[in-house]
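The values are calculated or read from the model by the stated rules, or taken from the named source; none is laboratory data. Note that the structure is a prediction, hence the values are computed from the model and not measured. Backbone-built Cβ (ideal geometry, glycine too); neighbour counts: all protein chains shown. Ligands, DNA and RNA are stripped out before the accessible areas are found, and what is left, the full protein with its side chains, is counted by its heavy atoms. Shrake-Rupley method; radii C 1.70, N 1.55, O 1.52, S 1.80 Å.
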Amino acid sequence: MSERVASSAKRQIIHVDMDAFFAAIEEQRHPEYKGKPLIIGGSGDPSKRGVVSTASYAARKYGIKSGMPLRTAYKRCPQAVFLPVDFKKYCEVSAQFMIILRDFTSLIESWGLDEAFLDITAASRKAVKIAWDLKQRIRAEMGLTASVGVGPNKLLAKIASDLNKPNGLMVIEETEVEKVLAPLPVSKLLWVGKKTTARLREMGINTIGDLLKVPLDTLKARFGKAYGQMLYSFARGMDESPVVTYHEPKSFGRETTFQVDTCDLNLVKRVLSGFVKYLVKELREGGYRGKTVTVKIRYSNFSTHTRAHSLPESTDSPQIIYDEVLALLPKFDLTRKIRLVGLRVSGLEKKAR
Ligand SMILES: [Mg+2]
């Protein structure tokens with residue numbers, strides 16, 4: 001083991017995850033919904049297209065999960081309360097959450113509105129005391145609960161917060177890593193999504209304990225050098241990745257699903273033109289210009305196609321970006337019914353000011 005690993009093994013990381021964040025906020029302003037199955041997503045109308053953003057714990061008992069179509073959620077639990085996503089409100093509450101976190105350290109990596117990693121290695125107090133204080137303050141000042149995990153790295157802190165939800169506090173010590181991790185499904189590991197889980201299952205690997213038995217070379221051969229190495233390390237509870245306080249965005253994008261599949265090219269163009277305006281605003285606010293324009297179309301049979309073009313120079317001009325969109329559109333089969341349309345601007349450069 002290198003010296004770097006030896007020294008970084010002494011880190012103290014906290015992962016904080018607000019419990020059913022959007023649903024908890026809605027319960028707070030509508031006390032009458034407390035304890036009822038509550039589903040936040042799309043326009044809040046389950047007869048329309050859209051997906052579940054957050055389900056309250058009472059709704060989760062019916063097998064309702066984030067990312068599930070609202071219509072499916074309605075079939076599983078027609079008596080649930082459906083509410084639209086009030087993103088502005090959730091951002092305000094999230095800002096309050098971040099202010100509390102900043103009282104503990106400035107080394108914060110936020111993951112979305114309701115999750116963050118804190119590197120508290122430099123703190124003089126014990127990590128578990130800090131974790132406890134954090135929970136108390138969130139409760140007292142926001143009236144909401146969070147699940148908090150403590151570990152020697154991000155991987156273990158995140159697993160810890162996930163193991164004791166909601167309103168949990170869990171510490172994973174280095175000495176108990178194997179005991180805690182071995183029985184868990186591989187999907188509990190960071191960056192292990194549905195595809196990897198399925199591929200591992202094909203290899204007869206279901207738990208982290210199963211993964212532990214696979215030689216490094218086998219993982220590298222199956223999953224590529226970097227990802228194979230990562231799986232090998234993660235199975236052992238090892239993760240050297242630092243808490244990164246700010247992520248430069250790699251792209252700006254937007255997409256939407258039509259309420260009814262459409263062949264109306266004018267409608268598609270109007271939606272894309274709206275996206276251009278929105279994305280240009282985002283680019284300019286961040287001080288970025290983009291080089292590559294990508295249009296995405298999903299047809300009614302769910303087959304999804306993208307067409308991209310890179311400009312000779314980066315731009316934040318709505319006219320140039322929209323001209324690219326118009327040049328890309330004829331590369332799609334526009335006689336078929338379209339379900340979803342998206343636009344992405346990538347290849348970002350920070351504008352010299
Ligand atoms: Mg959460």
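Observations
- The residues packed around Arg199, meaning those with a beta-carbon under 15 Å from its beta-carbon, carry a net charge of +3 if Lys and Arg are +1 and Asp and Glu are -1.
- Proximal aspartates and glutamates to Lys250, defined as alpha-carbon separation beneath 19 angstrom and excluding residues fewer than eight positions away on the same chain: Glu109, Glu282, Glu285, Glu313, Asp316, Glu349
- Net charge of neighbours whose Cβ lies under 11 Å from the Cβ of Glu282, counting Lys and Arg as +1 and Asp and Glu as -1: +2
- Vicinal HN-Hα couplings computed from phi for region 141-158 (Karplus, 6.51 cos²θ - 1.76 cosθ + 1.60; Hz; Gly/Pro x): 8, 10, x, 10, 10, 10, 9, 10, x, 10, x, x, 7, 5, 3, 6, 5, 5
- Degrees separating the helix 265-286 axis from the principal Cα axis of the chain, which is the longest one: 50 degrees
- 5 angstrom amide H check on Thr54, placed H, neighbours 5+ away: Ile40
- Part-to-part distance (alpha-carbon centres) for region 253-315 and region 116-172, which is given in Å: 39 Å
- Prolate/oblate/rounded call for region 225-353, Cα gyration tensor, a/c under 1.5 rounded: oblate
- Database remark: amide H of Thr315 closer than 5 angstrom to the amide H of Gly290, Lys291 (H placed geometrically; neighbours at sequence offset of 5 or more, or on other chains; Pro and chain starts carry no H).
- Relative contact order (%) - region 251-350, alpha-carbon pairs under 8 angstrom, separation at least six: 47 percent
- Neighbour-limited loop hits for chymotrypsin sites (Phe, Trp or Tyr not before Pro), region 259-339 (at most 13 other Cβ within 10 Å; DSSP other than H, G, I, E, B): Phe302
- Note, ³J(HN,Hα) from phi for region 232-238, Karplus 6.51, -1.76, 1.60, rounded to Hz, x at Gly and Pro: 4, 5, 4, 4, 9, x, 9
- Prolate/oblate/rounded call for region 31-128, Cα gyration tensor, a/c under 1.5 rounded: prolate
- Of Ser233, Ser303, Ser314, the one that fluctuates the most in a GNM where the chain has Cα springs shorter than 10 Å: Ser303
- Taken as Cα centroids, region 65-105 and region 174-190 sit 28 Å apart, rounded to the nearest whole angstrom.
- Estimated vicinal HN-Hα couplings, Hz - region 128-138 in sequence order (Karplus 6.51, -1.76, 1.60; Gly, Pro = x): 5, 5, 4, 4, 5, 4, 4, 4, 4, 5, 4
- Accessible area per residue for the chain, computed on protein heavy atoms with a 1.4 Å probe, is 53 Å².
- Among the listed pairs Lys220/Lys351; Lys48/Lys269; Lys65/Lys158; Lys291/Lys331; Lys61/Lys277, those with a Cα-Cα distance over 29 Å are Lys220/Lys351; Lys61/Lys277.
- Under 5 Å, built H, 5+ apart or other chain: amide partners of Leu169: Val148
- On region 49-189, 53 percent of the accessible area sits on carbon and sulfur atoms, based on a 1.4 Å probe.
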